[in-house]
């Protein structure tokens with residue numbers, strides 16, 4: 001977006017383009033918000049009102065005409081309030097007693113200043129939406145991305161770029177000539193272009209806590225986005241989505257709060273869902289963080305979406321992933337003391353979180369149905385948390401640390417088979433309890449996955465090189481008594497029973513597992529796997 005502001009101090013007249021679809025003027029009269037024939041927003045704030053708002057440092061939605069009665073569409077007033085606040089650096093405050101109705105019109109409120117939604121309620125009506133891809137709120141930076149020149153290749157774990165930058169920047173690189181994450185299964189696809197995202201300082205030093213994870217022989221696109229140094233905080237708000245009634249197809253809805261700025265905290269938000277029936281299109285995440293770093297969501301309550309099915313890319317029925325949390329191309333994103341409204345063991349609701357191309361993701365003190373990393377996470381931590389029927393689903397690299405957690409699913413971590421069940425790095429499990437809620441299990445495996453060795457995912461697939469399991473309690477009281485006891489690994493490839501099975505794309509197996517103080521309710525010992533041949537070279541220490 002292009003921003004400009006013309007000040008004429010004679011008469012204190014302000015005229016400006018706040019954002020692409022918003023124009024602000026400061027002429028005598030009254031505060032006025034109107035929409036023209038092209039659906040552009042025009043805002044007039046008289047000079048005396050400008051002075052008053054700047055003196056208090058704050059604006060409210062009702063200052064710009066919001067009714068807050070739960071019936072009148074307040075979206076234009078909300079967008080106008082934030083547009084004015086952004087220009088003058090003012091905070092925004094909602095009325096605690098208000099209920100703001102947000103229709104399906106195509107209008108996004110751009111947030112660039114601290115916002116307190118307080119105890120206010122927001123009804124987001126998705127039953128008739130003009131543009132399902134238009135966020136309701138976008139938390140945006142005033143800083144502009146640019147294209148660095150002269151960077152034509154990168155190496156994995158490269159520590160420095162031979163270039164200086166105007167500020168600490170978030171770097172995104174792509175090579176369209178290489179495909180990764182070539183998906184296998186019912187949602188099969190041709191993969192995604194090789195990509196990476198990382199942070200550099202002014203001198204080009206890479207933050208090695210989130211290192212470059214691929215060799216780039218060629219770079220077809222590179223973007224640098226300066227990182228905002230000033231923190232931005234969003235607090236409170238009770239949001240209720242009236243679910244869409246669209247056909248059950250992969251037409252994702254993004255009627256959400258989209259975070260496109262670094263150094264952001266969301267605190268005390270609540271999101272509920274109503275109106276779900278026997279069909280509907282999936283959601284891409286009510287809180288959706290992308291192209292950003294240093295984001296914290298805390299003390300927040302979210303809701304899992306009902307699971308709907310459709311016909312997948314392989315021509316067969318498939319359940320559609322639908323999310324209330326989405327993290328894409330983001331670094332250092334934390335969820336602290338968060339939970340969801342529905343039962344985390346109820347499989348009729350999809351796992352609440354999905355992510356792609358991210359690094360350093362954290363759950364701490366959360367009660368959620370799932371942690372998930374589709375197209376890779378580099379370094380992740382889940383601690384002091386309880387995870388439900390989907391437990392952890394992930395692929396990626398680096399170190400995955402799991403500690404002080406309770407798992408109610410069938411395993412602790414499922415290495416996603418659709419992306420090669422790959423984790424290139426180490427897995428640490430400490431002080432945890434595995435207590436499957438399902439009574440239909442015939443056995444228990446701590447780590448599940450599947451790998452035939454016959455599909456090219458675009459990269460070499462690995463199992464965690466070293467796995468550490470300390471102080472683990474396994475409640476296997478729901479399992480039939482004639483089972484052989486829990487296993488570290490499930491049977492990743494039932495066809496691999498002897499040397500006659502040859503993988504076209506060899507799987508790099510785990511080298512060693514360190515076990516210390518593992519207890520089972522049944523008293524049966526933890527085994528390596530039902531597939532003793534596949535895991536014959538794994539050392540148990």
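The values are calculated or read from the model by the stated rules, or taken from the named source; none is laboratory data. Please read all numbers here as calculations on a predicted model, not as lab measurements. Ideal geometry is used to build each Cβ from the backbone, glycine not excepted, and the neighbour counts take in all protein chains shown.
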(message) Anything in the range 174-209 that is in a loop (DSSP other than H, G, I, E, B), within 20 Å of the chain's Cα centre (by Cα) and farther than 16 Å from residue 375 by Cα? List them, or say none.
(response) 209
(message) Tell me yes or no: at least one residue of the range 373-386 is closer than 15 Å to residue 411 by Cα, part of a strand (DSSP E or B) and either within 12 Å of the chain's Cα centre (by Cα) or free of Cβ contacts under 8 Å to residues at least 60 places away in the same chain (or both).
(response) yes
(request) Determine which single condition residue 352 fails, assuming it passes every other condition in (1) out of contact with any strand residue (DSSP E or B) (no Cβ under 6 Å at 6 or more places or on another chain); (2) touching a residue at least 12 places away in the same chain (Cβ under 8 Å). (result) (1)
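Looking only at the range 277-302, count every residue that is assigned to a loop (DSSP other than H, G, I, E, B) and crowded, with 20+ Cβ neighbours inside 10 Å and tell me the total. So that I can check it myself, show each step before the final result.
Restricting attention to the range 277-302, the residues satisfying the condition of being assigned to a loop (DSSP other than H, G, I, E, B) are 277-282, 299-300.
When the remaining residues are screened for being crowded, with 20+ Cβ neighbours inside 10 Å, the result is 280-282, 300.
The number of residues fulfilling the criteria is 4.
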(request) Check off (1) more than 30 Å from residue 26 (Cα to Cα); (2) surrounded by 19 or more Cβ atoms within 10 Å (Cβ to Cβ); (3) more than 25 Å from the chain's Cα centre (by Cα) for residue 92 and give me the number that stays unchecked. (result) (1)
(message) Looking at 139, 110, 102, 171 in this structure, which one is within 23 Å of the chain's Cα centre (by Cα) and without any contact (Cβ under 8 Å) to a residue 60 or more places away in the chain?
(response) 171
(request) Might you check whether a residue that is within 23 Å of residue 139 (Cα to Cα), surrounded by 14 or more Cβ atoms within 10 Å (Cβ to Cβ), modelled with pLDDT under 95 and touching a strand residue (DSSP E or B) at 6+ places or on another chain (Cβ under 8 Å) occurs anywhere in the range 48-58? (result) no
(request) State which residue is surrounded by the most Cβ atoms within 10 Å (Cβ to Cβ) when the search covers only the range 308-321 and only residues that are without any contact (Cβ under 8 Å) to a residue 60 or more places away in the chain and in a loop (DSSP other than H, G, I, E, B). (result) 321
(message) Going by what's in this entry, would residue 507 be described as in contact with a helix residue (DSSP H, G or I) (Cβ under 9 Å, 6 or more places away or on another chain), modelled with pLDDT of 95 or more and closer than 18 Å to residue 532 by Cβ?
(response) no
(request) Test residue 412 against the stated conditions and say whether it is in contact with a helix residue (DSSP H, G or I) (Cβ under 6 Å, 6 or more places away or on another chain), buried (at least 23 other Cβ atoms within 10 Å of the Cβ) and either closer than 22 Å to residue 526 by Cα or at pLDDT 95 or above (or both). (result) no
(request) Quick one: which residue in 391, 411, 397, 438 is part of a strand (DSSP E or B), in contact (Cβ under 8 Å) with a residue 12 or more places away in the chain and closer than 21 Å to residue 349 by Cβ? (result) 391
